[in-house]
Amino acid sequence: MAKSGDPAPVIAIDGPSASGKGTVAQEVARSLGFHYLDSGALYRLVAVAAVRQNVALADEKRLAALAGGLACEFCGDQIRLDGQSVTDAVRSEQAASGASEVAALPQVRRALLERQRAFRRVPGLVADGRDMGSVVFPDAVLKIFLTASPEERANRRYKQLMEKGLRVNLINILRDIEQRDARDIGRPVAPLQVGADAMVVDTTNLTVAEAVARILESYAARQSRQAPSR
Ligand code: CDP
């Protein structure tokens with residue numbers, strides 16, 4: 001149990017694309033009554049705003065200014081930018097790919113840092129992304145690296161997009177996922193990596209409920225270890 005005056009506890013859930021981070025993180029947050037940060041949505045928003053304002057995805061200075069001034073709101077599943085709903089645009093594969101380009105730029109990452117940290121409020125936060133445990137919340141009480149095989153992740157993304165009524169091709173999705181993995185792992189700033197203090201949860205053969213249960217068990221075990229003995 002956190003003492004009064006302690007910062008709100010953070011559970012950091014990092015991992016590659018389509019590993020189930022969003023679904024699992026939201027379910028963990030709901031079970032604990034914690035707030036939730038989808039940090040990928042912020043990078044996606046920068047990419048969407050850039051296209052709308054004709055800013056090149058390589059123009060680091062202007063992109064950082066865009067990132068610093070994003071007028072966005074999160075309301076449940078809905079995302080608004082400058083007062084307009086941009087939920088579908090943000091969730092598109094085009095935004096995902098643009099996000100992974102702008103996310104490689106150090107000034108953009110810096111511009112989003114404090115905005116991400118502002119999500120940390122009592123009673124706690126579950127944050128999902130690539131660098132939650134390594135950069136944004138290095139003092140997170142629990143750091144999870146959620147992963148699955150590239151083929152399983154491509155299958156999941158395929159099903160998700162088909163359910164949305166989109167015509168997609170599994171081979172292209174697998175290729176996009178592998179390209180995005182390579183970019184996220186290979187970039188010099190905040191690369192996707194398994195931290196020494198992170199617990200790996202491979203969800204290739206796990207249901208969402210099983211993955212959530214593992215994380216909740218680890219969190220409970222940590223809490224009981226930290227509880228003062230009488
Ligand atoms: O849903 P999915 O895992 O495919 O993507 P996402 O979490 O929405 O993130 C989109 C892109 O933003 C990723 O490919 C990363 O390049 C980038 N990202 C990042 O660099 N750092 C974060 N904390 C979150 C996302």
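The values are calculated or read from the model by the stated rules, or taken from the named source; none is laboratory data. Please read all numbers here as calculations on a predicted model, not as lab measurements. Glycine also receives a Cβ, built like all others from the backbone with ideal geometry; neighbour counts cover every protein chain displayed. SASA here: full protein model, heavy atoms, side chains in, ligands and nucleic acids out. Shrake-Rupley method; radii C 1.70, N 1.55, O 1.52, S 1.80 Å.
Brief remarks follow.
- Among the residues making up segment 58-67, those that are at pLDDT 95 or above and open to solvent by 50 Å² or more (accessible area, probe 1.4 Å) are Asp59, Lys61, Arg62, Ala65.
- The condition (being buried (at least 20 other Cβ atoms within 10 Å of the Cβ), more than 10 Å from the chain's Cα centre (by Cα) and more than 11 Å from the ligand (Cβ to nearest atom)) is satisfied by just one residue among Ala8, Ala29, Ala18, Ala47: Ala29.
- Residues of segment 197-230 satisfying the condition of being in contact with a strand residue (DSSP E or B) (Cβ under 8 Å, 6 or more places away or on another chain), charged (D, E, K, R) and assigned to a loop (DSSP other than H, G, I, E, B): Asp197
- Considering only residues in segment 97-126 that are open to solvent by less than 30 Å² (accessible area, probe 1.4 Å) and of a type in the set (S, T, N, Q), the one that is nearest to the ligand (Cβ to nearest atom) turns out to be Ser100.
- Selection count, segment 78-106, where residues are among the polar types (S, T, N, Q) and farther than 13 Å from Tyr43 by Cα: 4
- Against the conditions (1) of a type outside the set (Ser, Thr, Tyr); (2) assigned to a loop (DSSP other than H, G, I, E, B); (3) free of Cβ contacts under 8 Å to residues at least 12 places away in the same chain; (4) out of contact with any Lys or Arg (no Cβ under 8 Å at 6 or more places or on another chain), Val194 satisfies every one except (3).
- Qualifying position, being within 22 Å of Ala12 (Cβ to Cβ) and out of contact with any strand residue (DSSP E or B) (no Cβ under 7 Å at 6 or more places or on another chain), among Arg62, Arg52, Arg91, Arg117: Arg117
- The set of residues in segment 65-87 that are more than 14 Å from the ligand (Cβ to nearest atom) and out of contact with any strand residue (DSSP E or B) (no Cβ under 9 Å at 6 or more places or on another chain) comprises Ala65, Leu66, Gly68, Gly69, Cys75, Gly76, Gln84.
- Gly76, sole failed condition from (1) open to solvent by 70 Å² or more (accessible area, probe 1.4 Å); (2) closer than 27 Å to Thr203 by Cα; (3) in contact with a Phe, Trp or Tyr (Cβ under 9 Å, 6 or more places away or on another chain): (3)
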